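Here's the structure we're looking at; comments come further down.
The values are calculated or read from the model by the stated rules, or taken from the named source; none is laboratory data. Source: prediction; values computed, not measured. Cβ: placed from backbone, ideal geometry, glycine included. Neighbour counts: every protein chain shown.
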Amino acid sequence: MTSTSTTSIPLLARVLIAGAGIMSLANSVTIPFLAVFLHRDLGLAPGLIGFVIGSSVFFSIFAGFVGGSLSDTLGRSRLLVFSLVGVIGSFTGLYFSDGVVAVFAFNATLSLSSSTFAPVGKALLGDLLPRARRAKT
């Protein structure tokens with residue numbers, strides 16, 4: 001019988017798992033309220049709201065492809081920090097946005113940053129965990 005103790009999981013790996021959960025929660029909570037903000041405070045039409053929010057999927061897909069290769073050239077830790085700074089900057093920018101162009105730009109940056117965080121975080125997690133503790137695929 002193998003031990004499933006969490007003591008063999010490095011602290012940084014636990015922080016990455018918690019960070020991924022927080023990032024997912026933050027994105028899930030933010031997007032529905034973005035639609036309300038765009039309609040109530042900026043007075044945008046439903047079609048434009050759909051375009052602004054829907055465009056984030058395009059940026060997420062793009063970042064998913066590019067993020068993995070950038071982590072090989074820039075380094076996983078460095079790209080992870082850049083993506084976290086991008087997420088923090090995006091949320092701050094969204095808070096202070098008062099126009100559709102600014103909201104579009106910060107929403108795009110948020111999508112790019114959070115979608116870069118996911119594959120890079122998983123790759124770094126794989127690097128940190130001992131081979132015996134990794135998921136079997």
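Taking the numbered list (1) in a loop (DSSP other than H, G, I, E, B); (2) in contact with a Gly (Cβ under 8 Å, 6 or more places away or on another chain) in turn, Ser83 passes all entries but (1). Within the stretch 72-122, the set of residues being farther than 23 Å from Leu16 by Cβ and touching a residue at least 40 places away in the same chain (Cβ under 8 Å) comprises Leu94, Asp98, Gly99, Val100, Val103, Phe104, Asn107, Ala108. Can you tell me which residue in the stretch 64-73 is farthest from the chain's Cα centre (by Cα), limited to those that are among the hydrophobic types (A, V, I, L, M, F, W, C) and surrounded by 14 or more Cβ atoms within 10 Å (Cβ to Cβ)? Across the stretch 64-73, the extreme among qualifying residues is Leu70.
Here is a yes/no grid of residues against (1) in a helix (DSSP H, G or I); (2) on the phi > 0 side of the Ramachandran plot; (3) of a type in the set (Val, Ile, Thr):
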site: Ile49; (1), (2), (3): yes, no, yes
site: Val57; (1), (2), (3): yes, no, yes
site: Phe62; (1), (2), (3): yes, no, no
site: Phe65; (1), (2), (3): yes, no, no
site: Leu79; (1), (2), (3): yes, no, no
site: Asp98; (1), (2), (3): no, no, no
site: Phe106; (1), (2), (3): yes, no, no
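When Pro119, Pro130 are checked against the criterion of being at pLDDT below 90, more than 16 Å from Ser28 (Cα to Cα) and within 14 Å of the chain's Cα centre (by Cα), a single residue qualifies: Pro119. For the stretch 13-52, the candidate set comprises residues that are at pLDDT 80 or above and touching a Leu at 6+ places or on another chain (Cβ under 6 Å); within that set, the residue that is surrounded by the most Cβ atoms within 10 Å (Cβ to Cβ) is Leu38. The set of residues in the stretch 45-97 that are under 14 Å from Ile31 (Cα atoms) and not aromatic (Phe, Trp, Tyr) comprises Ile49, Gly50, Val52, Ile53, Gly54, Ser55, Ser56, Val57, Ser60, Val87, Ser90, Leu94.
Residues in the stretch 99-116 that are more than 10 Å from the chain's Cα centre (by Cα) and aliphatic (A, V, I, L, M) were compared, and the one that is surrounded by the most Cβ atoms within 10 Å (Cβ to Cβ) is Val103. Selection of the stretch 30-47 for residues being over 13 Å from the mean Cα position of the chain (by Cα) and in a helix (DSSP H, G or I) yields Pro32, Phe33, Leu34, Ala35, Val36, Phe37, Leu38, His39, Arg40, Pro46, Gly47.
Scan the stretch 77-98 for residues that are surrounded by fewer than 18 Cβ atoms within 10 Å (Cβ to Cβ), of a type in the set (Gly, Ala, Ser) and modelled with pLDDT of 90 or more and jot them down. Gly89, Gly93, listed by residue number.
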